Each structure stands twice: as C-alpha cells, then as structure tokens.
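Report on the structure given below.
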Amino acid sequence: KNNCLCRNCRQIVTREMEESIWPNFEIFDAPSREDPVEENTDFQPDSLIKNEEPVLKRPRREIVSCFDTPGLYKVSSQSEPSLSQESSWSLTSDGQKHLNSGIHVLNEPLQNLSSGNMSPIKYILQQPLECVQDSTKRYVRRKASEAVCTVLDHIASGQSSKLLDLLVEDICNNNAVDKQNESKDELLNLILRLYDEADSNALKMQLLSIISTTSLNSKSQLLELIPGISKWKVDQSRAHATRFGVGTIQTEKTPNYRDKMDKEKLEHAMAFFLDPNFIQICSFGSKDLHFDNGDVINIPQVVRTTCHSALIHMYKTVCTEADFTPLSDSTLFKILTTCSAAKRSNLCGLDNITTDGTFAIENLIRMTETLRELGSNNTVLSSLKTALANFKLYLKTEYKFHVTMSNSCQTHCIKYALSNPGNVLLQEKCDHQHQNDCSKCLLLTNARSQLEDEIQKIQCNETRVEFLDSTLIVMDWARTFLPALFREKQSDFFGQKGMSWHVTAAIFKAEDGSLKHRTFTHLFGTVKQDWFAVASALEHTLNTIKEQMPQIQEVFLRSDNAGCYHCGCLWLSLNGISERTGITVARYDFSEAQAGKSICDAKIAHMRSKMRMYVSSGKNITTPFDMQDAIMGGTGVAGCQCAVVEVDTTKQTMIGHRIKGISNISNISFDGDEIITWQAYNIGIGNKFKRGSVLKSEQNETGLKIVSNFQEPHQMTGNITRKERRMSTTDNAQNEDQSDNCSIVQYLVALVSSHPTNLCRII
C-alpha cells in the first residue's frame, strides 16, 4: 500500500549511488518543508586560497527516486522545489521562470567566489521575516552570513570579520547621527514654539541665545526659522550668550540711589525722633512704610506726641548742648514727613475711673524706670514694664469682650463686680462658683508683687552699701563638689557623694580707700550643713582675720535666709563667738533668696574653674585635700584661702530656742545683752528683747578640727570695684507730678485690693 521506501532500503540505495554513480561528487539533499536547517557559520574562505587543485563544478542532474513517488522533490538545473513561502504568482510559469533565473543569477557568482565551498541558495524569500517560521529565519540568516563573508574575504583576504565590524560601526554611527539630528530638530522646534509663546523680551532673549550660536545655526538660517526676526536681535542674543552664558537669565539692573546725606547725622536725628518719650504705639491699626528702593514694610500705627516744629526745636537744643552739628531744618522736616505718624489729640469729658486707671498704669511704668536708676535688675524691670503695657492694652481692647453677666471668673462677672460689698440690699448673689482666673487680669496683681519685691531688695541692699566703711562678711554654702577623675568610668560616675565647702568673703576698705576682699573657704568633705557647722566655720574665720588683720574690731554679717543661717541658735551663739575671737559681731542682715551674695558666687566660680583646669592636667580630685591642692596650686585664686576642716559635733551644747515671729525677721542688731530685730531695714525702731529671756543654754567653743590650715595665696587680697549709684535729678514740678501719680497708684491699688472685680469699673 505504501509508495515510500523504508529506512533500510533508503540507506542501501544511497550507499550504492555514492559508490557507483557519483563517487567523486558531493550529493545535496533537497530540504523538506518541515526539516529544520542547522546553522553553520564556521565558514573558512582562507582554505579555498590554499587549495591548488582545479575546482570541478557540480553537475546539475536530475535526481529521481527508485519509485515514482509524488511526495519526493525533483531538483534539477531547470527547476527548484516549491516551498510554502512561494505565492500563487510563483506557481505560474512566468513566476517560476523569474524565480529560477533570480536564484541562478545569485548562486552563480557566489559559487565562483566561494570556489564551490558554499552550498547554493535553494529559494528566495517572498514573505516578511516576521511571518516565516524560525527554521526559515535560521536558514536565511546563515546563507546571508555566508554570502557576506565570502564577498568581504575577497575584498580583504583573511580579514572579513574586521571589515564586517567596520561596516557595522559605520551603520551604528550613521544611525546615532540620524537620531541626534532628529532630537536636535525636536529641541529646535520646541524652543521656537516657546519663543513664539513668550511674552517678555528677556525670556525671548534667553531662548534665542540657546539656538543662535554659530555652531548650531547661522544667521541666515535663523532668519528663515523665525519670521520677523532682525539681524540686530540675533547679534544681541549672541552677545547675551557670550556675556551671561547660553540660556541664562539676564540679571536685572538694580537702580542706584544717590545718598548725599551724612549717615552719622541721620542716625543721630532718627535716634532722637524715635525716642519712646515722643512716640507711642496704638493698640490697633497699621501702616505701610515705603522706602526709596521700593521695599514696603508694614508697621503698627504710631502716634507722635509732639508736633514737628517743637520736636525739631528740642533736637536742635540737644545738639547745641552736645556741640553737634545737625542736619538742616528742611531735611529734618522731610525726615519727619517721610516717617509719618498719627497726631495725638486731646479728649474731654472722660470717665474719672478710666482716666485715673490710665494715669496709674503709666505711673507704675515710670516707677520701673526709677528702680532701674537705683540699680535694680534690668531683666526683671523689662519684663515688669512689658506686663504693665500688656495689661493696659488688654483693658483697652479685649476686656470688654470677656465681660458677661454671669461668669466663672470674678473679674469678668458683671453681677459680682457691681454688687456693693457694704450694703446687702445692693448686692446680687451669683448662681455659680468663681473658680477660674484670667491670666491677663492677674498681670496687675503680679506686677504689684514684683514691684514690692524689687523695692524690698533695694532696701536690703542699703545695709551692704552702708557698711562698706566697715568690715562686711558675706557667707554662703557652695554647691557640693562631685569627685572628678581625669579618666572617669561609668561605674565611677554614678552614685557619687559630693563634698561640702563653705565660703566666707570679708570685704573691707584699704588705706587708699579702695575696697578689698579676703575669701576664706572651708573644705569639709561630708558634713551636715546646719547652724553648728556655720558657727564653727565663722569662729575659725574670725580667729584667722584677727591674726592676719589685727586692726579689725567689728564686723557685720550678711547671708541669704537659708535655714542654717536664719536660725535662733546661730544668733544666740554669736555673743560667745565675739568674746572668744575678739571681734564683735554688731549686726546680721539677710538678703532675699539667691540675692545679695554675688561676691561669694564670683569667687566660687573662680575656684571651680581652677579645679577643672587641675583635672584637665591629668590629676584627680576625690578628697578635700585634692580640692585644696587644686585651688591653691600655681598662683592660686586672688584673695582666696582654703582649709581642710572637720566639725566636732560633740562640742555642740546649745539646744533649740523659740523666738516669736522669727520668720518675719530680716535684720538683727546686737547691743550687749539686747537683740533688736526688724522686718525691713531701718523701717521702724525695731523689736527689742533680752538675750537671756530666750536663752536656755550657752554654746561654748565649737572646737573645729583643723586638718590643714589656711594657706596664704600668691595675692593675699582681691580688688572690688564699687558701683556708683546714679540718682536722677528732678525739679519741683516733676516731684509734684510724682506725688500726684503716687496718690493715683495708691488709689488704684486700694481699689483693686478692696475688691478685685473693680477692674470692670476701670474699663
């Protein structure tokens, strides 16, 4: 039934044909439609050149199978196998003839060039490469590679691969150039479109400078690309690229303002015109301040309290007294006109309480300036002045919006504020609790407390100033010193126990009238900081002062009101200390907390700095002896002496005593067996009581153990610069105004103190 040969018969027939019919020729089998063609790119054309034997062309003979089988191909010189890629046109006689002639024209020169080593091409591809099978693609690629290598080998013998690389490189370069030209064209079109859409000449010049360079476009090309452009614009764009850079923004020309005015004189005039005595800031409104360079600054509305002519007249008077040449009158008027401000106008028929309240707050602000002249703390006074100004502004603006008929805040409740506390019939009980406080309403109360504290501090400092003609002793405990190591581990840092040290500064007047000091430091190590430790250190200090300065007979003590100082046992033991040392303690004054002991704080800071330098030099401080070596090492600290001591608590014989009202005592004077106490310095004659009336047992010698006595420093005494007190001189009219203002302040304070909600009436 089958018309095909079996595999065994096919092998036998093929072997016989090779041996008998074509023993000296190569047999090429026609590929089937489905048979894949293996790639073979190992073509070596050099071997053809070395072969000197004559080349025999393979004869084109018809190959016919032993059976007349229609499934086998017939390959002859006149026909080629028809493949699946052939179109219907190729199946016709004309198409078949055209294909055969094309293949013959292609194969003949390839055979001549390859000397018969290249197999002939069986067909010509008629369909796109994307539509053919993979086997056909491999076959076509292999034949193309063989044909190209054959031709290139004849052009450059033995160098076909290098020549092929050159061809590929040229093709890639040409493609890159084409792509670059395309990108340049796209960029050029984009810049041209932006140039057409630009609405400012600066932007057009910036864009034109990108494409106007001679390396990119010539002037004639630019004239063709951009219709309506002139040669002058092209030249300007190229100059812009040369001067500022290609595509950069041209910096705008800043206007130059000529200022012929003397800056020193201008600053002098502005400092006088802007003095707070002549202007005040409104609680509402703002204005724009325009400068010559075009800047505009929004500032709060300012009211000038003096007219321009009077202000300039006062300024010229000040300049005459200071021998200063001012600007001309016209320039000064122009300055005041440029720095315009609103004018203050007088008001009539104002409410009495509102006017008195305004005057009272202004007087409180002036009182802060007086305290500043008396040497009070500038930082505290500045915050106090700011608080008073904010309170005044609050009463003028926000307070009326916070007041309601019923409110949990006393100062905002109308019922509570308008009720008469002295008449039950004129009272209205509130149905709510007043539990809240207004922080802005409390500004006045807090300011009053701060003013009282500042006045109290100034009054306490009067004692320090008054007794500068004698010997003043200031005492204070320094902060415990933690052991310090040059190389400290974490285990050494935690859980350390500090060493206590007490500083006593003796201030006295030298023969030349200058103020000097000697500071005595007691290094205790671990000790209880009570009154007995202070008494022991004081007794040792007075004995040392008697030895070093025997002319001193009387001293005055001063310290803060800590419990170890503000103690009845210490006061009662001072009589015995005076008898044993030969130096009389005439008075003991206490300063406010953390105030009045600046000399001790200064010397403590110096000694701490010396100890830090000691540790940084590679040494350790773990004992009081190390502290003494660190402080006294080198030249020491000017006027400072150190001693290592221990308190002998077995010598303490005095027990507790009860003194009535001891917490209100700030100043103590010792007159024999009498003790006089004051609540404020020199206010009243003081309370007197006998020492024996409160004394239960005497305190004998404290018996302080001297482990290492005082060592004299390189400089025995230190210098103190006395600060001069500046007193303001005022005329009688101003004194009368101050007395009136003080009465207004008393009225306001009494009004608020009697009933806090009277703040409602002030508004």
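The values are calculated or read from the model by the stated rules, or taken from the named source; none is laboratory data. A quick note: this is a predicted structure, and the numbers were derived from the prediction, not measured. Note that each Cβ is placed from the backbone with ideal geometry, even for glycine, and that neighbours are counted across all protein chains shown.
Restricting attention to the stretch 632-653 and to residues that are surrounded by 14 or more Cβ atoms within 10 Å (Cβ to Cβ) and in a loop (DSSP other than H, G, I, E, B), the residue that is farthest from the chain's Cα centre (by Cα) turns out to be GLN652.
Checked against (1) of a type in the set (Gly, Ala, Ser); (2) part of a helix (DSSP H, G or I); (3) in contact (Cβ under 8 Å) with a residue 60 or more places away in the chain, GLY656 passes all but condition (2). Only one entry in THR368, THR379, THR337 is assigned to a helix (DSSP H, G or I), surrounded by 13 or more Cβ atoms within 10 Å (Cβ to Cβ) and either among the hydroxyl-bearing types (Ser, Thr, Tyr) or at pLDDT 85 or above (or both), namely THR368. Scanning the stretch 414-441 for residues that are under 30 Å from ASN378 (Cβ atoms) and crowded, with 16+ Cβ neighbours inside 10 Å turns up CYS438, LYS440, CYS441. Do we have any residue at all in the stretch 453-472 that's in a loop (DSSP other than H, G, I, E, B), modelled with pLDDT under 90 and surrounded by 15 or more Cβ atoms within 10 Å (Cβ to Cβ)? Yes, the stretch 453-472 contains at least one residue that is in a loop (DSSP other than H, G, I, E, B), modelled with pLDDT under 90 and surrounded by 15 or more Cβ atoms within 10 Å (Cβ to Cβ). Scanning the stretch 691-724 for residues that are touching a Lys or Arg at 6+ places or on another chain (Cβ under 6 Å) and either of a type in the set (Val, Ile, Thr) or not assigned by TED's automatic domain parsing to the domain that holds LEU538 (or both) yields a count of 2.
Of the residues making up the stretch 279-293, none is part of a loop (DSSP other than H, G, I, E, B), surrounded by fewer than 14 Cβ atoms within 10 Å (Cβ to Cβ) and modelled with pLDDT of 80 or more. Every condition in (1) touching a Leu at 6+ places or on another chain (Cβ under 8 Å); (2) surrounded by 15 or more Cβ atoms within 10 Å (Cβ to Cβ) holds for LYS392 except the one numbered (1).
Restricting attention to the stretch 615-631 and to residues that are modelled with pLDDT of 90 or more and part of a helix (DSSP H, G or I), the residue that is surrounded by the fewest Cβ atoms within 10 Å (Cβ to Cβ) turns out to be PHE625. In the stretch 408-423, the residue that is nearest to ASP437 (Cα to Cα) out of those that are free of Cβ contacts under 8 Å to residues at least 24 places away in the same chain and out of contact with any helix residue (DSSP H, G or I) (no Cβ under 6 Å at 6 or more places or on another chain) is LYS415. Looking only at the stretch 199-230, how many residues end up being under 16 Å from GLU186 (Cα atoms) and touching a residue at least 40 places away in the same chain (Cβ under 8 Å)? Result for the stretch 199-230: 1. For the stretch 476-517, the set of residues classified as closer than 24 Å to VAL534 by Cβ, hydroxyl-bearing (Ser, Thr, Tyr) and touching a residue at least 24 places away in the same chain (Cβ under 8 Å) consists of SER500, THR504, listed by residue number.
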